[in-house]
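Presented below is the structure to which this report refers.
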Amino acid sequence: MNHKLTPSTAALLTIPPLLWAGNAIVGRLVRDAVPPMTLNLLRWAIALAILLPLGRMALREGSGLLANWRRFSMLGLLGIGLYNSLQYLALQTSTPINVTLVASGMPVWMLLVGSLFFGVKARRRQLAGAALSIVGVLIVLSRGEWNQLLALRLVAGDLYMILATIAWAFYSWLLMQPKDPPQLRANWAAFLLGQVIYGVMWSGAFAGVEYAAGAAPIVWSWPLVACLLYVAIGPAIIALQCWDAGVQRAGPSIAAFFVNLTPLFTAVLSAAMLGETPHLFHVAAFALIVGGIVVSARR
């Protein structure tokens with residue numbers, strides 16, 4: 001596959017990590033107010049309500065949504081049901097920076113999944129780019145002091161995030177498969193709505209199991225409502241559409257490197273919320289992560 005990374009494509013792929021960083025912080029803030037699977041269900045139910053008038057053509061007879069129900073069901077499971085539910089579950093026991101750090105293994109998982117399941121072999125430049133990018137993420141984690149890495153302890157949430165990252169790698173590669181009805185692909189809202197419809201079904205099933213297992217009730221408040229609106233509009237609708245468009249242009253292997261911007265954005269946002277200022281190691285990490293993107297995208 002011959003893909004090119006242009007400035008506009010880079011901008012498209014930078015928006016999701018920024019919004020996902022906010023999503024990680026919000027998920028941590030509301031962990032005591034709403035169970036993780038229920039949070040994911042509410043998030044995508046709101047997104048569904050917003051997308052319905054924009055992508056209603058997906059519900060018309062002959063749109064191809066029902067005829068391709070297996071594909072859209074799988075996209076909804078991997079990209080909406082599993083990935084987001086596992087991320088919120090991870091935030092119950094892990095910190096936003098730790099969760100986004102674990103997700104920084106995305107380039108490696110993307111290359112592995114592409115090679116093992118989709119017949120796309122990793123190039124040397126992509127492997128070198130992955131190494132540079134991961135070093136940048138480690139700088140963020142260690143705050144520029146490598147001895148801090150020795151104090152790092154993985155918790156159950158980190159394992160959940162690894163599973164979420166693998167699910168997202170499969171989701172991204174499936175986006176590249178030319179199996180979508182042209183009328184749905186031509187309308188971004190309709191294509192996204194098709195995924196969200198099935199994703200809400202999966203999320204509802206997961207939330208049902210969660211409540212059957214004795215989950216705590218939702219503690220409603222206006223801050224919780226504001227958080228739900230943010231995660232439904234920003235990290236859900238806007239981020240998913242930008243990611244889809246970016247993957248179509250650059251390919252999953254290159255797009256995966258942009259995920260490594262998420263820990264950097266998370267660290268900066270967390271510092272801003274605590275009244276701290278960015279440090280020199282943030283600049284160094286940004287340079288390495290971007291360097292990994294440039295090296296991997298070179299021909």
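We did not get these values from a lab; they are worked out from the coordinates using the rules stated. Since the model is a prediction, treat every value here as computed from it, not as a measurement. Here Cβ is always computed from backbone atoms with ideal geometry, including for glycine, and neighbour counts include all displayed protein chains.
Please give the net charge around Cys227, taking every other residue with its beta carbon less than 15 angstrom from that of Cys227, where Lys and Arg add +1 and Asp and Glu add -1.
Working: positive: Arg28, Arg31, Arg43; negative: Asp32.
Result for the local shell: +2.
Distance distribution note for the chain: the fraction of Cα pairs above 36 angstrom is 14%. Please check: in the Gaussian network model of the chain (C-alpha springs, under 10 Å), which one of Gly76, Gly105, Gly55 has the largest mean-square fluctuation. Of Gly76, Gly105, Gly55, the Gaussian network model singles out Gly55 as fluctuating most. Where does the charge balance sit around Pro217 when Lys and Arg score +1, Asp and Glu -1, over other residues with C-beta under 12 Å from its C-beta? Within the 12 Å Cβ shell, the charges total -2. Within the range 34-135, the trypsin sites (Lys or Arg not before Pro) that combine a DSSP coil assignment with at most 13 other C-beta atoms in a 10 angstrom radius are Arg60, Lys121. The string of couplings for the range 197-204 from the Karplus curve (6.51, -1.76, 1.60, θ = phi - 60°) is 4, 6, x, 5, 4, 4, 4, x Hz, one whole number per residue in order, with x for Gly and Pro. Only Cα pairs under 8 Å and 6+ residues apart enter the sum, and on that basis the relative contact order of the chain stands at 42 percent.
Residue by residue, the range 211-225 carries 3J(HN,Hα) couplings of 5, 5, 7, x, 5, 5, x, 6, 9, 6, 7, 5, x, 5, 4 Hz when phi is fed to the Karplus relation 6.51 cos²θ - 1.76 cosθ + 1.60 (θ = phi - 60°); x denotes Gly or Pro.
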